[in-house]
Amino acid sequence: MMKYEVIIWWSEEDQAFLAEVPELPGCMADGGSHAEVLASISEVTQLWLETAKRENRPIPPPKGRLQYA
């Protein structure tokens, strides 16, 4: 279960839904539907966290709902 905020939007330029986890730098994904992009960002977030652990990089704690968007 992800505890990080996920922002999803439609990109006309890419003709796809894009998603990002603002608390995890560079953690982004795309997909053809809301369900597809949500599945993708879940996988990418998991990989981001696994890589950070393996490389002994700091992992920011989830802040929950952001005050801006």
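The values are calculated or read from the model by the stated rules, or taken from the named source; none is laboratory data. It should be emphasised that the depicted structure is a prediction, and the values quoted were computed from it without experimental measurement. Heads up, the Cβs are rebuilt from the backbone with ideal geometry, glycines too, and the neighbour counts pull from every protein chain shown. Accessible surface is based on the protein model in full, side chains and every heavy atom, while ligands, DNA and RNA are left aside. Shrake-Rupley method; radii C 1.70, N 1.55, O 1.52, S 1.80 Å.
Averaged per residue, what accessible area in Å² does the chain show with a 1.4 Å probe, protein chains only? Mind dumping the intermediate values first?
Working: 5030 Å² over 69 residues.
In whole numbers, the chain has 73 Å² accessible per residue.
Tell me which label goes with the value of log10 I(q)/I(0) by the Debye sum over Cα atoms at q = 0.13, 0.21, 0.23, 0.24 Å⁻¹ computed from the coordinates here: (1) -0.53, -0.88, -0.91, -0.93; (2) -0.37, -0.87, -1.00, -1.06; (3) -0.28, -0.78, -0.96, -1.05.
Evaluating log10 I(q)/I(0) by the Debye sum over Cα atoms at q = 0.13, 0.21, 0.23, 0.24 Å⁻¹ on these atoms matches (2).
Pairing the Cα long axis of helix 34-54 with the longest principal axis of the chain, what angle in degrees results, from 0 to 90 and rounded to the nearest 10?
Here the helix axis deviates by roughly 20 degrees.
According to a simple spin-label model (label point 7 Å from Cα along Cα-to-Cβ), what is the distance in nm between Glu12 and Glu36?
Placing both labels 7 Å along Cα→Cβ, they lie 2.1 nm apart.
Which Cα, out of Pro58, Pro22, Ile7, lies furthest along the positive dipole direction of the chain (beta carbon charges, K/R +1, D/E -1)?
Toward the positive end, the furthest listed residue is Pro58.
Restricting attention to the range 8-69, which chymotrypsin sites (Phe, Trp or Tyr not before Pro) occupy a DSSP loop and are surrounded by at most 11 other Cβ atoms within 10 Å? Intermediate results must be reported in sequence, preceding the final value.
Numbers: sites: Trp9, Trp10, Phe17, Trp48, Tyr68; in loops: Tyr68.
Passing both the DSSP loop test and the Cβ count: Tyr68.
Helix-derived [θ] at 222 nm for the chain: sum -39500 (n - 2.57) over DSSP H runs of at least 4, divide by residue count, nearest 500?
Numbers: 1 runs with 21 residues, N = 69.
For the chain, the value works out to -10500 deg cm²/dmol.
Considering only DSSP states other than H, G, I, E and B, which GluC sites (Glu not before Pro) in the range 1-37 qualify as loop sites with at most 12 other Cβ atoms within 10 Å? Mind showing how you got there, number by number?
Details: sites: Glu5, Glu12, Glu13, Glu20, Glu23, Glu36; in loops: Glu5, Glu12, Glu13, Glu23.
Answer in residue order: Glu12, Glu13.
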